[in-house]
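Derivation of every value follows stated rules applied to the coordinates shown; laboratory data play no part. None of these values were measured; they are calculated from a predicted model. As a convention, Cβ positions derive from the backbone with ideal geometry for all residues, glycine included, and neighbour counts pool all protein chains shown.
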């Protein structure tokens, strides 16, 4: 496949594979642009531009791995990466078995964020920033799943080291990714959106 068009990657957005160029920069089809939130796509672009994002994209290029992206307005957090079935984890080294992972995003929650001062505090500022953080957090979980590592992840030193690295690469130096419930899928939350200023009468 020509480098000008880019390489199809096993991230499926709106049921279509996202195309990445040689620098791991994604481009989107007309269907993907029409069917998904702008913050979801821009968040992917921001995450894919980080060193951590590029490394995960490169590791997941194999033909035996697929990541299905689902936008769900009923999701309680901005992002969640459900743990796959045990058979998927056990087959992490079996390149003959296709391993499928899910990343669930809720851009409607991210849409509430617009805090220009947040970036100075090392936190997401815009909906796209929030979605970039969600991509970073949940794709990190998926990278661990792809290596056959089950939950919990947050209490692992290597997970926290990589999370802090990618958060810093995104400019979110004070954003934490805490301990998850061992019996519940990890959910990323950003905190409360910036309060709206009341208009004076």
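I need the calculated FRET efficiency for the pair residue 55 and residue 34, taking r as the beta carbon distance and R₀ as 22 Å, to the nearest 0.05.
0.10
As a test, work out the antiparallel percent of DSSP beta bridges whose residues both lie in segment 7-172, rounded to the nearest 5. Walk me through the numbers before you get to the answer.
Working: 8 of 18 bridges.
Of those bridges, close to 45 percent are antiparallel.
Mind grabbing the base-10 log of I(q)/I(0) for segment 21-79 at q = 0.25, 0.26, 0.28 Å⁻¹? Debye formula, identical points on the C-alpha positions, no solvent, two decimal places.
-1.24, -1.27, -1.29
Please work out the Kirkwood hydrodynamic radius for segment 32-129, using every pair of different C-alpha atoms, and report it in angstroms with one decimal place. Mind showing how you got there, number by number?
Details: mean 1/r = 0.0655 Å⁻¹.
Roughly 15.3 Å, rounded to one decimal.
Based on the alpha carbon coordinates of segment 7-172, what radius of gyration and maximum Cα-Cα distance (Dmax) apply, in Å?
My reading of the Cα-based Rg and Dmax gives 15.2, 49 Å.
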